[in-house]
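Read the structure below first, then the notes.
The values are calculated or read from the model by the stated rules, or taken from the named source; none is laboratory data. Note that the structure is a prediction, hence the values are computed from the model and not measured. Reconstructed Cβ throughout: ideal geometry from the backbone, glycine too, with neighbour counts over all protein chains shown. We work out accessible area using only protein heavy atoms, side chains counted, and drop any ligands, DNA or RNA first. Shrake-Rupley method; radii C 1.70, N 1.55, O 1.52, S 1.80 Å.
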Amino acid sequence: MTETKQKSRYAWPALLPLWIALTAFFFSEVEIQIEGPAGWASNLPTWRIEHHWLLDIFWGGRPLTGYHAWAFSFMFLVFHAGVFITQKWSWRLETRIIASIMLFWVIEDFLWFILNPAFGISNFSPDKVSWHTHWFLGIPADYWNFTIVSAILMWLSYAKLESKINLLKQYWRKDRKV
């Protein structure tokens, strides 16, 4: 592998989180302009499903709003735009996209609090942020869960697993022949 290819092999995985953070910054600013001081679309003219057992599993106990259903769907499609532009898809790429989406929402949500003049970091707590119902070590549990799963998926998307699996297969075959 040439030195240039070796550098780019490590540059892209390092640049991707920075790109995700940049897009999260811009989207958090859009949400601040839309929602203002009233988080989780509480003052927006949108439909809401306040309580349902599926919300506890998939939505962290938060209400499902029309605003968020459309915003999440839109960002899901945006993150998949490259697949349609390049007309290339793989499970490895899909894993990376899902990991990126998860990381995006963690960063975007946190930036919403930091950058929103009505909140700020000093108000980032369970007693001031009622729509995050589950907290762990002073951080919403979703942040922990999504960050950990995102990191694992991101690692899997870049790992050269095929060569490791092939090595294990060769070792197993050699071991079985003896």
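A probe of 1.4 angstrom, applied to the heavy atoms of all protein chains, finds Arg96 with accessible area near 50 square angstrom. Relative to the longest principal axis of the Cα atoms of the chain, helix 141-158 runs at roughly 30 degrees.
In the complete set of protein chains, residue-level accessible area for Ile98 is approximately 50 Å², probe 1.4 angstrom.
Dipole magnitude for the chain: computed about the Cα centre from +1 point charges on Lys and Arg Cβ and -1 point charges on Asp and Glu Cβ, it is near 1480 debye. Once all protein chains are placed together, Phe26 keeps about 120 Å² accessible to a 1.4 angstrom probe. Structural descriptor for the chain: relative contact order 26 percent, calculated from alpha carbon pairs under 8 angstrom and at least 6 residues apart. Across the range 84-96, rounded Karplus estimates of 3J(HN,Hα) from the backbone phi angles (6.51 cos²θ - 1.76 cosθ + 1.60, θ = phi - 60°) give 7, 5, 8, 6, 10, 9, 7, 5, 4, 5, 4, 4, 5 Hz, Gly and Pro being marked x.
Restricting the calculation to alpha carbons of the chain gives Rg and Dmax of 20.3, 71 angstrom.
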